[in-house]
Amino acid sequence: MKNKKAKAVPSNRILSKIDALRAHSIALQEYLARELRRVVRDASDTPVVNFNIRRFPPRTRTVVVPKVDFTMSVKKTGGRVYLRPSDPNTLGVSLGGPLLIQFTITGGPFVPIRASFENLPGGFGPGVDADENFPQELQTPDQAYLTFGDLYRGYLDQYTFVIFVKNTVTGGYGVIDPGIQHINSNA
């Protein structure tokens, strides 16, 4: 009869080291998020796009998140971000290269939760996947604004995106649904 080896059980000392390492990792992640927000706030070249909510849908019990009535304006272009003249609900991003963009929500007690991006068919670019171009880990929500990274990997690609917004008074949710297009020139 063969002897079965007993499974090694981690000692309390090892478990406490794992817990300490986990706590240190979380603290470091929080520090890096605070630093990113500070750098973005202080960076003069970070584009800022304002979304003014004109009407927020009433809170519902449906699974579908209703669209929010909004206007969009570019407060600070960073030299690269502008509203498309042919479609004021689409941002143009020019000159290539990665950048951070800050979305600011105005018009009431609203906070951005997260943005989700999707490729639009019919673009003239290489078709870089939206998740590859706008990585979720580069999104930082903070009170009335949301900062995200645009890696600008797909020049001439078109994307649609939604920003999930919460009404802090009613607890209701809504989506803002503009577009974004990469332009391979200085518009």
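Among the listed residues TYR145, TYR155, TYR173, identify the single one that is in contact with a His (Cβ under 8 Å, 6 or more places away or on another chain) and either hydroxyl-bearing (Ser, Thr, Tyr) or farther than 24 Å from THR77 by Cβ (or both).
Working: TYR145 fails: in contact with a His (Cβ under 8 Å, 6 or more places away or on another chain); TYR173 fails: in contact with a His (Cβ under 8 Å, 6 or more places away or on another chain).
Of the residues listed, the single one that is in contact with a His (Cβ under 8 Å, 6 or more places away or on another chain) and either hydroxyl-bearing (Ser, Thr, Tyr) or farther than 24 Å from THR77 by Cβ (or both) is TYR155.
Does THR62 satisfy being in a loop (DSSP other than H, G, I, E, B), closer than 26 Å to GLY179 by Cα and at pLDDT below 80? Yes, satisfied. Considering the conditions (1) crowded, with 16+ Cβ neighbours inside 10 Å; (2) of a type in the set (D, E, K, R); (3) under 27 Å from ARG55 (Cα atoms), ASP157 is excluded by exactly one of them, (3). Condition first: in contact with a Ser or Thr (Cβ under 6 Å, 6 or more places away or on another chain), surrounded by 17 or more Cβ atoms within 10 Å (Cβ to Cβ) and in the same structural domain as PHE164 (by TED's automatic domain parsing). Can you find one or more residues in the stretch 80-89 that meet it? The answer is yes, given that some residue of the stretch 80-89 is in contact with a Ser or Thr (Cβ under 6 Å, 6 or more places away or on another chain), surrounded by 17 or more Cβ atoms within 10 Å (Cβ to Cβ) and in the same structural domain as PHE164 (by TED's automatic domain parsing).
Which members of the stretch 85-109 meet the condition of being part of a strand (DSSP E or B) and either in contact (Cβ under 8 Å) with a residue 60 or more places away in the chain or within 12 Å of GLY179 (Cα to Cα) (or both)?
Pass one, the stretch 85-109, residues part of a strand (DSSP E or B): 87-94, 99-106.
Answer for the stretch 85-109, where residues must be part of a strand (DSSP E or B) and either in contact (Cβ under 8 Å) with a residue 60 or more places away in the chain or within 12 Å of GLY179 (Cα to Cα) (or both): ASP87, PRO88, ASN89, THR90, LEU91, GLY92, VAL93, SER94, LEU100, GLN102, PHE103, ILE105.
Here ILE163 fits the description: modelled with pLDDT of 90 or more and part of a strand (DSSP E or B). Only residues that are in a helix (DSSP H, G or I) and polar (S, T, N, Q) were counted in the stretch 115-150, giving 2. Just so you know, in the stretch 129-176 the residues that are aliphatic (A, V, I, L, M) and over 11 Å from the mean Cα position of the chain (by Cα) include one that is nearest to PRO112 (Cα to Cα), and it is VAL165.
Condition check ((1) touching a helix residue (DSSP H, G or I) at 6+ places or on another chain (Cβ under 6 Å); (2) in a helix (DSSP H, G or I); (3) at pLDDT below 80; (4) among the aliphatic types (A, V, I, L, M)) across all residues:
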site: LEU21; (1), (2), (3), (4): no, yes, no, yes
site: HIS24; (1), (2), (3), (4): no, yes, no, no
site: ALA27; (1), (2), (3), (4): no, yes, no, yes
site: VAL39; (1), (2), (3), (4): no, yes, yes, yes
site: ASN50; (1), (2), (3), (4): no, no, no, no
site: ILE53; (1), (2), (3), (4): no, no, no, yes
site: THR71; (1), (2), (3), (4): no, no, no, no
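Within the stretch 144-187, the set of residues being of a type in the set (S, T, N, Q) and over 17 Å from LEU100 (Cβ atoms) comprises GLN158, THR160, ASN167, THR168, THR170, GLN181, ASN184, SER185, ASN186.
Quick grid of which residues meet (1) within 24 Å of SER86 (Cα to Cα); (2) touching a residue at least 24 places away in the same chain (Cβ under 8 Å):
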{"site": "PRO135", "(1), (2)": "no, no"}
{"site": "LEU138", "(1), (2)": "no, yes"}
{"site": "LEU146", "(1), (2)": "no, yes"}
{"site": "ARG153", "(1), (2)": "yes, yes"}
{"site": "TYR159", "(1), (2)": "yes, yes"}
{"site": "THR168", "(1), (2)": "no, yes"}
{"site": "TYR173", "(1), (2)": "no, yes"}
{"site": "ILE183", "(1), (2)": "yes, yes"}
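The values are calculated or read from the model by the stated rules, or taken from the named source; none is laboratory data. Predicted model only: the values in this text are computed from it and were never measured. As a convention, Cβ positions derive from the backbone with ideal geometry for all residues, glycine included, and neighbour counts pool all protein chains shown.
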